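Novice: A single structure is presented below for examination.
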Amino acid sequence: MPAHENFLRRAVVVLLFCLATVHCAHAAPPSGYKLVWSDEFSGQSLDTNKWNHWLLGKRRDALDVTNAIAVSHGCLTITSFSEDGNYFTGMVSTQGKFEPVHGYWEARIRFDDSPGMWSAFWLQSPTMGRPIGDTAKAGAEIDICEHRVVSKEGESLASKVQHTLHWDGYGRFHQSQAQLTSDLKLDSGFHVYGFEWMDDAYRFYVDGKMTWTTTNAISNTNEFAILSSEIEGAAWAGPVPAAGYGDLSHSKTKMVVDYVRYYSRP
């Protein structure tokens with residue numbers, strides 16, 4: 001085969017592979033939605049016009065710190081790490097900057113989690129639980145996806161995510177509903193997590209496939225988005241490894257986010 005024909009054939013194969021990869025990597029929003037807000041993390045630092053460092057300081061078994069959050073190479077990364085017997089991680093949110101009602105949220109995420117911690121993409125109402133019994137007005141916590149490597153009982157969950165709703169506050173009136181997905185091979189690589197929020201139903205998606213729909217706890221008030229990793233010993237995600245996670249420069253326990261996008265209906 002002439003050299004130029006061989007080169008062209010290899011070029012076509014590479015192009016087709018790239019197109020297939022892009023198609024698989026990016027799930028389109030449901031019909032009728034228009035992109036109105038996004039962060040592609042194309043800079044070298046957190047865009048503070050869009051995000052806040054959220055709940056800095058002590059939370060559960062860790063300290064939330066700003067240096068756990070990094071933006072580079074087109075991704076936001078949250079690193080969970082340990083130093084001198086202490087655990088550190090981080091969260092960012094759009095609180096006070098972008099808090100829409102209804103619409104379609106989507107994020108492309110790679111979970112490199114470890115036992116003892118979990119990562120999540122979720123929404124929160126500033127008035128959740130106020131008043132009790134009126135979720136439409138008070139809002140809810142809507143966990144679009146929560147990822148754990150193991151459950152507190154030691155069951156492997158690395159290939160799954162959980163969708164969860166919390167409403168009526170976090171006290172004695174608290175209510176919740178959860179749906180654990182089937183094995184979706186989510187333990188490696190990037191996957192797309194979507195959430196369609198209507199005035200009478202919620203629909204959850206993974207890689208473009210609907211994984212749960214419910215009409216419970218429908219919020220019709222403003223909600224802000226959160227990207228987070230949290231550490232809480234064996235309470236929900238199994239025990240922290242005896243050696244910890246390694247320091248910031250060596251930890252491989254990360255949540256890597258390629259983009260976050262929000263769409264609304266015109």
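The values are calculated or read from the model by the stated rules, or taken from the named source; none is laboratory data. Nothing here was measured: the structure is a model prediction, and the numbers come from that model. When we count neighbours, we look across all protein chains shown, and the Cβ atoms used for this are built from the backbone with ideal geometry, even at glycine.
Novice: Search region 231-260 for residues being touching a Lys or Arg at 6+ places or on another chain (Cβ under 9 Å) and among the charged types (D, E, K, R), and hand back the single one that is farthest from residue 55 (Cα to Cα).
Specialist: Filtering region 231-260 for residues that are touching a Lys or Arg at 6+ places or on another chain (Cβ under 9 Å) and among the charged types (D, E, K, R), the one farthest from residue 55 (Cα to Cα) comes out as 258.
Residue by residue, here is whether (1) modelled with pLDDT under 95; (2) more than 17 Å from residue 163 (Cβ to Cβ); (3) not aliphatic (A, V, I, L, M) holds:
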position	(1), (2), (3)
183	no, no, yes
194	no, no, yes
203	no, no, yes
210	no, no, no
220	no, yes, yes
229	no, yes, yes
249	no, yes, yes
257	no, yes, no
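Novice: Another question, if that's okay. Out of all the residues in region 124-137, is one or more touching a Pro at 6+ places or on another chain (Cβ under 8 Å) and of a type in the set (Lys, Arg)?
Specialist: Scanning region 124-137, I find at least one residue that is touching a Pro at 6+ places or on another chain (Cβ under 8 Å) and of a type in the set (Lys, Arg), so the answer is yes.
Novice: Of the residues 127, 89, only one is of a type outside the set (A, V, I, L, M), in contact with a helix residue (DSSP H, G or I) (Cβ under 8 Å, 6 or more places away or on another chain) and closer than 23 Å to residue 178 by Cα; which?
Specialist: After applying the criteria, what remains is 127.
Novice: Out of region 67-86, which residues are in contact with a Lys or Arg (Cβ under 9 Å, 6 or more places away or on another chain) and in a strand (DSSP E or B)?
Specialist: 75, 77, 78, 79
Yes/no matrix, rows are residues, columns are (1) of a type in the set (Asp, Glu); (2) under 15 Å from the mean Cα position of the chain (by Cα); (3) surrounded by fewer than 17 Cβ atoms within 10 Å (Cβ to Cβ):
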{"site": "191", "(1), (2), (3)": "no, yes, no"}
{"site": "199", "(1), (2), (3)": "yes, no, yes"}
{"site": "202", "(1), (2), (3)": "no, no, no"}
{"site": "217", "(1), (2), (3)": "no, no, no"}
{"site": "231", "(1), (2), (3)": "no, no, no"}
{"site": "236", "(1), (2), (3)": "no, no, yes"}
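Novice: Can you tell me which residue among 138, 158 is surrounded by 15 or more Cβ atoms within 10 Å (Cβ to Cβ), over 16 Å from residue 120 (Cα atoms) and not basic (Lys, Arg)?
Specialist: Selected residue: 138, the only one of 138, 158 that is surrounded by 15 or more Cβ atoms within 10 Å (Cβ to Cβ), over 16 Å from residue 120 (Cα atoms) and not basic (Lys, Arg).
Novice: While we're looking at this one, here's another question. With buried (at least 16 other Cβ atoms within 10 Å of the Cβ) and modelled with pLDDT of 95 or more as the only criterion, which of 35, 63, 56 stands out?
Specialist: 63
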